[in-house]
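Here is the structure we will look at, set down as structure tokens.
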């Protein structure tokens, strides 16, 4: 295996690294870490039951292999890259948003790359949380901007997609108000395993099997667990404490 230099960092010259680092020398990008891929990989396992996992290019690590490293790479957002998730009149301009390329563990034991759109002021705090998720191998189904789902919150939740920014109104009682997602200051994690219980409804409906929070399950966030503690330590509030519990939701 050959070591090469990319973006001023020494990494192993294997295809996945090349893909993750593609374009990393572009202006405005900040490289926090790079992933190191062991030489030995296994064929992908069968897709887990439930929503389809978005794990294109993912690799599975044998237990005996050295663990990969976490990737968190930041670049500015633009009106073009935000697509239908942003429009004139939204509470924050594209210049205050950032697109983060990160790595995460999937439900079938692979490492995949995804993208999260965040307000620039919460990027570092969120990095700490997702680094904890990666270190503890907390699985996620997919991490994609809501534009992959036509900027529909319902479609993104039903796909069990972890996301952040979306210029939309809050799903709450009372007069219409901007959601914290419209500011890029909220993250929804694994909505199927962590549903929103709103006025007798389960959102998404395919999260009904996870309404009972007493039972642990992969991808489920429960009070006092590592992910819950990491979000709170980073200064986020948990939707699980709302009068209408929103177990997927953390905001700052």
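The values are calculated or read from the model by the stated rules, or taken from the named source; none is laboratory data. Note that the structure is a prediction, hence the values are computed from the model and not measured. FYI the Cβ positions are ideal-geometry reconstructions off the backbone, even for glycines, and counts take in every protein chain you see.
The table below lists the values:
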{"quantity": "Within the range 221-234, tally of residues that are assigned to a loop (DSSP other than H, G, I, E, B), in contact with a helix residue (DSSP H, G or I) (Cβ under 9 Å, 6 or more places away or on another chain) and surrounded by fewer than 19 Cβ atoms within 10 Å (Cβ to Cβ)", "calculated": "3"}
{"quantity": "Output for the range 227-236, where each listed residue is under 16 Å from the mean Cα position of the chain (by Cα) and either over 19 Å from residue 211 (Cβ atoms) or modelled with pLDDT under 95 (or both)", "calculated": "230, 231, 234, 236"}
{"quantity": "Criterion violated by residue 108 - all others in (1) in contact (Cβ under 8 Å) with a residue 60 or more places away in the chain; (2) more than 20 Å from residue 168 (Cβ to Cβ); (3) not in a loop (DSSP other than H, G, I, E, B) satisfied", "calculated": "(3)"}
{"quantity": "Top-ranked residue in the range 159-175 [being in contact with a strand residue (DSSP E or B) (Cβ under 9 Å, 6 or more places away or on another chain) and farther than 17 Å from residue 87 by Cα; ranked as surrounded by the most Cβ atoms within 10 Å (Cβ to Cβ)]", "calculated": "163"}
{"quantity": "Residue list for the range 235-249, filter: closer than 19 Å to residue 163 by Cβ and assigned to a helix (DSSP H, G or I)", "calculated": "239, 240"}
{"quantity": "Tabulated pairs, the range 79-91, first without any contact (Cβ under 8 Å) to a residue 40 or more places away in the chain, second part of a helix (DSSP H, G or I) and surrounded by 14 or more Cβ atoms within 10 Å (Cβ to Cβ), C-beta under 6 angstrom, 6+ apart or interchain", "calculated": "79/94"}
{"quantity": "Residue in the range 53-76 that is at pLDDT 95 or above and surrounded by fewer than 16 Cβ atoms within 10 Å (Cβ to Cβ) present", "calculated": "no"}
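Here's the yes/no breakdown for (1) surrounded by fewer than 23 Cβ atoms within 10 Å (Cβ to Cβ); (2) farther than 24 Å from residue 228 by Cβ; (3) over 12 Å from the mean Cα position of the chain (by Cα):
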| residue | (1), (2), (3) |
| --- | --- |
| 85 | no, yes, yes |
| 89 | yes, yes, yes |
| 93 | yes, yes, yes |
| 101 | yes, yes, no |
| 117 | no, no, no |
| 130 | no, no, no |
| 143 | no, no, no |
| 154 | yes, yes, yes |
